[in-house]
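Every read-out reported here was derived from the displayed coordinates using simple, explicitly stated rules and does not represent laboratory data. What you see is a predicted model; the values in this text were computed from it and never measured. Don't worry about glycine lacking a Cβ; one is built from the backbone with ideal geometry, like all the others, and counts go over all protein chains shown.
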Amino acid sequence: MEGSEEIVKKLRELLQQSEKRIREIPQEQLYVAVAVLIATFLFFLLIRLFKRTKSNTIILAGLSGSGKTLLFYQLRDGSSHQGTVTSMDPNEGTFVLHSESAKVGKIKPVHVIDVPGHSRLRTKLDEYLPQAAGLVFVVDALDFLPNCRGAAEYLYDILTKGSVVEKKIPVLILCNKTDKVTAHTKEFIRKQLEKELDKLRTSRTALSEADITNEFTLGVAGEPFSFPQCHNKVTVAESSGLTGEISHLEQFIREYVRP
Ligand SMILES: Nc1nc2c(ncn2[C@@H]2O[C@H](COP(=O)(O)OP(=O)(O)O)[C@@H](O)[C@H]2O)c(=O)[nH]1
Ligand SMILES: [Mg+2]
């Protein structure tokens with residue numbers, strides 16, 4: 001019993017001593033120390049939050065037949081699985097790109113979603129867009145002219161969506177199937193799409209005076225439409241899902257989903 005009383009006495013002395021020491025420290029110094037502590041805590045908390053919200057989702061969109069599913073398999077497996085896949089459901093997966101699988105060290109996986117082009121399944125896009133780090137709009141460069149209008153309509157809807165405009169989601173227009181010599185060049189496709197979008201802008205704004213359908217208007221009023229007018233970054237590149245020429249696609253992905 002006496003031993004424990006001794007300990008309590010010692011503890012009390014120690015406490016009094018430290019209290020005295022703290023009182024000796026100027027008040028301002030104490031406040032500064034506490035403020036610094038809180039600031040560092042908040043700083044690390046913010047970093048954590050920021051890192052967590054950074055998305056790794058890439059969306060593949062475009063008309064059916066443009067080659068989205070083949071590109072999805074090229075990204076994941078480095079092969080096209082020719083003729084073995086026909087799916088109406090969105091293909092979705094989180095993986096390290098096949099071309100990076102030989103690299104050592106930790107690589108951040110990419111979440112890729114292949115959204116079917118059938119118009120009744122396009123509503124799926126609205127679900128995925130808010131979490132997208134980037135969107136790839138795949139265009140069939142081989143069979144481009146008959147599909148130009150349809151592709152432009154789909155692209156118009158994407159470029160005027162609130163989530164795309166406000167979050168400035170980067171869009172890559174990927175001219176696919178360039179393995180064939182008769183495929184159109186990306187410059188040609190860019191110009192044609194700009195022309196079609198310009199036409200659509202006139203007809204759609206006339207429509208939406210009555211009932212507002214699109215959330216945002218496209219481009220600058222009174223000027224012919226061109227992609228640099230968009231709030232978000234729009235770039236154009238070429239690829240071939242069939243032969244695995246997808247370096248531009250991979251560059252785009254890794255620009256917005258850092259490994
Ligand atoms: N020549 C050529 N054909 C392709 C290429 N990518 C896809 N295709 C063909 O285009 C068709 C549609 O491809 P798919 O990936 O299913 O398109 P999706 O509807 O956009 O998913 C298939 O018959 C593919 O073999 C390509 O890069 N070059
Ligand atoms: Mg498909």
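Observations
- Less than 5 angstrom separates the built amide H of Val257 from none of the residues sequence-distant by 5 or more or on a different chain.
- Couplings for the range 61-68, taken from phi via the Karplus curve 6.51 cos²θ - 1.76 cosθ + 1.60 with θ = phi - 60°, read 10, x, 4, 5, x, 7, x, 4 Hz in order; Gly and Pro are left as x.
- 222 nm mean residue ellipticity, helices alone, for the chain (DSSP H n ≥ 4; -39,500 (n - 2.57); rounded to 500): -15000 deg cm²/dmol
- Within the shell defined by Cβ-Cβ distances under 14 Å, the residues around Gly67 carry a net charge of -3, with Lys and Arg each +1 and Asp and Glu each -1.
- Near Asp198, once Lys and Arg are set to +1 and Asp and Glu to -1 for all other residues with Cβ below 15 Å from its Cβ, the sum equals +3.
- The phi-based Karplus calculation (6.51 cos²θ - 1.76 cosθ + 1.60; θ = phi - 60°) puts the 3J(HN,Hα) values of the range 109-116 at x, 10, 9, 10, 10, 9, 8, x Hz, whole numbers, x for Gly and Pro.
- Database remark: amide H of Gly117 closer than 5 angstrom to the amide H of Ser64 (H placed geometrically; neighbours at sequence offset of 5 or more, or on other chains; Pro and chain starts carry no H).
- Here the gap between Lys233 and Ile47, fully extended at 0.36 nm per residue and compared with their Cα-Cα distance, gives a gain of 64.4 nm.
- Semi-axis lengths, largest first, of the ellipsoid equivalent to the chain are 55, 25, 16 Å, with √(5λ) applied to each eigenvalue of the Cα gyration tensor.
- Between amide H atoms placed 1.01 Å from N, distances below 5 Å from Asn91 occur with Asp114, all of them 5 or more places distant or on a separate chain.
- Volume per residue for the range 53-171 equals 114 cubic angstrom (convex hull of Cα atoms).
- Normalised by 2.2 N^0.38 Å, where N is the number of residues, the alpha-carbon radius of gyration of the range 2-51 equals 1.89.
- Environment charge at Glu245 (Cβ cut-off 14 Å; Lys +1, Arg +1, Asp -1, Glu -1): 0
- Couplings for the range 29-38, taken from phi via the Karplus curve 6.51 cos²θ - 1.76 cosθ + 1.60 with θ = phi - 60°, read 4, 4, 4, 4, 4, 5, 4, 4, 4, 5 Hz in order; Gly and Pro are left as x.
- Each label was represented as a point 7 Å from its Cα along the Cα-to-Cβ direction; for Thr182 and Lys124 these points are 3.0 nm apart.
- Between Arg254 and Glu28, full extension at 0.36 nm per residue minus the direct alpha carbon distance yields a gain of 76.5 nm.
- Highest-first packing order for the peptide set 233-246, 30-43 is 233-246, 30-43, based on the mean count of other beta carbon atoms within 10 Å.
- Here the gap between Glu223 and Ser79, fully extended at 0.36 nm per residue and compared with their Cα-Cα distance, gives a gain of 47.5 nm.
- Protection proxy ranking, peptides 156-169, 176-189, 10-23, average beta carbon neighbours within 10 Å, highest first: 156-169, 176-189, 10-23
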